[in-house]
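Accompanying notes for the structure given below.
The values are calculated or read from the model by the stated rules, or taken from the named source; none is laboratory data. Keep in mind the model is a prediction, meaning the values are calculated, not measured. In this analysis, Cβ positions are derived from the backbone assuming ideal geometry, glycine residues included, and neighbour counts consider all displayed protein chains.
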Amino acid sequence: MSTNPQSSDPTDSMEMCVLASGSGGNSTVVRTPGGVMLIDAGIGPRTAAARLKGTGVSVADVTAISLTHLDSDHFRANWAATIVERGIRVFCYSERIDDLLEIVRDAMPDAADLHASFAALVTPFEEAFEPLPDVSASAVALSHDVAGSHGFVFSGHGVRIGYATDLGNVPARLVDAFDALDVLAIESNYDPGMQRASGRPLFLQRRITSGRGHLSNEQAFDMVRTAFDRCQRRRQALPAHVVLLHRSRDCNCPNLVRSLFTRDPRIAERLTLAEQFQRSHWLGPICRMPVTGEQLLLGWG
């Protein structure tokens with residue numbers, strides 16, 4: 001399968017492209033034979049449209065948005081008019097729907113008709129939902145600030161994508177859910193040394209590193225290695241792509257991230273660092289053989 005971001009050929013499988021990832025806004029597009037969805041809408045529709053140019057996908061193709069949580073860098077209320085105009089379904093954790101509707105009302109207090117139309121397009125999820133035809137989603141509750149967040153595993157068309165961002169720790173349920181993936185996308189937010197030396201207020205550093213804030217590079221690395229080790233024990237194919245999300249611009253560095261993750265040669269050749277202002281390539285399955293006994297021995301070189 002091509003990973004060329006300029007490709008305009010419709011996929012016969014499922015693949016994703018990270019449009020933006022970081023504190024300035026987060027959004028990822030997922031393309032399937034049955035339609036197109038966004039994971040989060042933390043960049044506005046105009047920015048998303050510009051970022052999608054050349055991918056073979058446009059905002060007009062989007063029929064669903066799956067929200068990890070409602071921080072402003074993951075959902076922007078200026079999507080509401082586009083959502084209503086195009087009839088885009090919005091999947092939101094059931095306990096946060098009132099909060100989502102309030103965000104839209106506060107942003108556009110004089111647009112009562114828009115509020116009602118938007119509310120009609122919001123679909124609650126608990127643990128499982130179907131955002132696109134022939135694509136099932138499993139939601140995994142994650143610790144992030146007071147209200148929490150959700151990771152997702154999207155399965156369909158012979159592909160499994162795991163996506164988790166804004167989590168303060170890696171619970172066992174996420175490790176269990178991230179099984180037999182083709183694409184493993186996880187937050188790698190900060191370097192502990194850079195965090196301590198950042199000059200940020202102590203309360204902010206504590207929030208980020210408390211276990212309910214964000215994931216450090218080391219925590220993300222340990223999680224990915226755990227997933228790879230499990231694949232090898234089971235003689236399963238390894239994920240084709242490891243995508244690192246939500247890198248801090250102040251308390252992280254791409255060179256540090258690459259230096260850490262490339263210590264494991266299994267990960268090194270599959271690594272993509274998501275960026276704030278530049279989209280990724282299309283990321284999806286590639287032709288891979290199951291892990292053999294010889295590969296088990298060679299896994300650590």
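Structure above, values below:
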{"read-out": "Conditions (1) within 27 Å of Gly148 (Cα to Cα); (2) in contact with an Asp or Glu (Cβ under 8 Å, 6 or more places away or on another chain); (3) free of Cβ contacts under 8 Å to residues at least 60 places away in the same chain; number of the one not met by Arg96", "value": "(2)"}
{"read-out": "Pair list, Cβ < 8 Å and 6+ apart or interchain, from region 133-147 residues that are over 21 Å from Arg31 (Cβ atoms) and surrounded by 15 or more Cβ atoms within 10 Å (Cβ to Cβ) to residues that are charged (D, E, K, R) and modelled with pLDDT under 95", "value": "Ser143/Arg212; His144/Arg212; Asp145/Arg207; Asp145/Arg212"}
{"read-out": "Number of positions in region 235-248 that are within 18 Å of the chain's Cα centre (by Cα) and either free of Cβ contacts under 8 Å to residues at least 60 places away in the same chain or in a loop (DSSP other than H, G, I, E, B) (or both)", "value": "8"}
{"read-out": "Hits in region 270-296 - residues which are over 23 Å from Gly193 (Cα atoms) and either assigned to a helix (DSSP H, G or I) or at pLDDT 95 or above (or both)", "value": "Arg270, Phe277, Gln278, Arg279, Ser280, His281, Trp282, Leu283, Gly293, Glu294, Gln295, Leu296"}
{"read-out": "Test result for Ser188, touching a Phe, Trp or Tyr at 6+ places or on another chain (Cβ under 6 Å) and polar (S, T, N, Q)", "value": "no"}
{"read-out": "Number of the condition not met by Asn255 [criteria: (1) surrounded by fewer than 13 Cβ atoms within 10 Å (Cβ to Cβ); (2) at pLDDT below 95]", "value": "(2)"}
{"read-out": "Residues (of a type in the set (A, V, I, L, M, F, W, C) and within 20 Å of the chain's Cα centre (by Cα)) located in region 84-96", "value": "Ile88, Val90, Phe91, Cys92"}
{"read-out": "Subset tally (residues that are closer than 16 Å to Leu174 by Cβ and not in a helix (DSSP H, G or I)) for region 214-234", "value": "3"}
{"read-out": "Qualifying residue in region 27-46 (condition: among the basic types (Lys, Arg) and touching a residue at least 12 places away in the same chain (Cβ under 8 Å))", "value": "yes"}
{"read-out": "Looking only at region 39-77, and only at residues there that are within 18 Å of the chain's Cα centre (by Cα) and among the acidic types (Asp, Glu), the one that is nearest to Val135 (Cα to Cα)", "value": "Asp40"}
{"read-out": "Cβ-Cβ under 7 Å pairs, at least 6 apart or on other chains, region 279-290 side over 14 Å from Val242 (Cβ atoms), far side β-branched (Val, Ile, Thr) and at pLDDT below 50", "value": "Trp282/Thr3"}
{"read-out": "Residue that is surrounded by fewer than 24 Cβ atoms within 10 Å (Cβ to Cβ) and outside any helix (DSSP H, G or I), where the choices are Thr82, Thr63", "value": "Thr63"}
{"read-out": "Close pairs (8 angstrom Cβ cut-off, 6 or more residues apart or separate chains): touching a residue at least 24 places away in the same chain (Cβ under 8 Å) and of a type in the set (Phe, Trp, Tyr) in region 189-200, surrounded by 15 or more Cβ atoms within 10 Å (Cβ to Cβ) and assigned to a helix (DSSP H, G or I) anywhere", "value": "Tyr190/Ile208; Tyr190/Thr209; Tyr190/Asn217"}
{"read-out": "Identity of the residue in region 9-33, at pLDDT 95 or above and assigned to a loop (DSSP other than H, G, I, E, B), that ends up surrounded by the fewest Cβ atoms within 10 Å (Cβ to Cβ)", "value": "Gly24"}
{"read-out": "Residue list for region 85-96, filter: in a helix (DSSP H, G or I) and of a type outside the set (Asp, Glu)", "value": "Arg86, Ser94, Arg96"}
{"read-out": "Residues within region 148-196 that are in a loop (DSSP other than H, G, I, E, B) and more than 26 Å from Ser259 (Cα to Cα), tallied", "value": "3"}
